[in-house]
Amino acid sequence: MKVRSRWPLRVVGVLVFGLLASAPLRLSPSQREEQPRFALDPEVEGIARYLEWRAPASLAPSLRRQVANALVEESRQTGLDPLLILAVIAVESDFVPDAVSAAQAKGLLQIRDVAAREIVKHEELPEKSALEPEEVVQLRLGIRYLALMTRRFSSLDRALAAWNAGPVAVARELASSGTVPDRWLSFARKVARERRHLRTHFGQDAATKLAVAPGSPVAPE
């Protein structure tokens, strides 16, 4: 005598498959050894650890990782020293990702909309930036703009003055007097001081590994 199941065979099959799929995957020791191991980027890891130490409250763990990754990617793309970027972030926003100034400068690097539009007009960000948080995209745009200033001006001090006071104002002063007013260079001095602190924190060997090679637009001092 055949007993009819209350469950159609198709449904039973789906249930069995679901149970198998939800069961923990057990691997033998040899199989575990064969699993691919993905190497972590030491530069990203170093900066992520620094951000955890420097800004544990303002940068959530997931955002911290994305910030570190974007900073390293953009430093390699532009040739900027990662420690210089970190120093500008420290002076501009003190690592507060959603900071907004009275002049409506935004994010970790306090980039203004007019500067962001200039970068977007001439450069393309990585495709994945379309899925990144606004704070990370602002960081990428800010790094690109900082790199643009270093290309336009002959020294890091002048580039940082242009970053802070605006490239048009700095270019006008250079054309008329050949120098940059001291009040604009004070920002560059703050960044240089913070950069020295970062080198002390990371140690000379680590700072050398994080920095770009000599001959790039903004090599370590």
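Under 5 Å between amide hydrogens, built in the peptide plane, is the criterion, and for Leu80 it picks out nothing among residues at least 5 positions away or on other chains.
In the neighborhood of Ser58, defined by Cβ-to-Cβ distances under 10 Å, what is the net charge if each Lys or Arg adds +1 and each Asp or Glu adds -1?
Details: positive: Arg54, Arg64; negative: Asp94, Asp98.
Summing Lys/Arg as +1 and Asp/Glu as -1 gives 0.
Counting charges near Ala99 (Lys, Arg +1; Asp, Glu -1) among other residues having Cβ under 13 Å from its Cβ returns a value of -3. Stretching the chain fully between Val168 and Gln104 yields a gain of 21.2 nm (0.36 nm per residue, less the alpha carbon separation).
Taking the Cβ of Ala161 as the centre, find all other residues whose Cβ is under 13 Å away and add up their charges (Lys, Arg: +1; Asp, Glu: -1). Could you put the intermediate results ahead of the total?
Values: positive: Arg152, Arg158, Arg172, Arg183, Arg189, Lys190; negative: Asp157, Glu173, Asp182.
Here the charged neighbours net out to +3.
Built from the Cα atoms of the stretch 80-139, the convex hull projects on average onto 4.4 nm², one quarter of its surface area.
Where a number appears in this text, it was derived from the coordinates with a stated rule and is not lab data. None of the values given here were measured: they were computed from a predicted structure. So basically every Cβ, Gly included, is an ideal-geometry build from the backbone, and we count neighbours across all protein chains shown.
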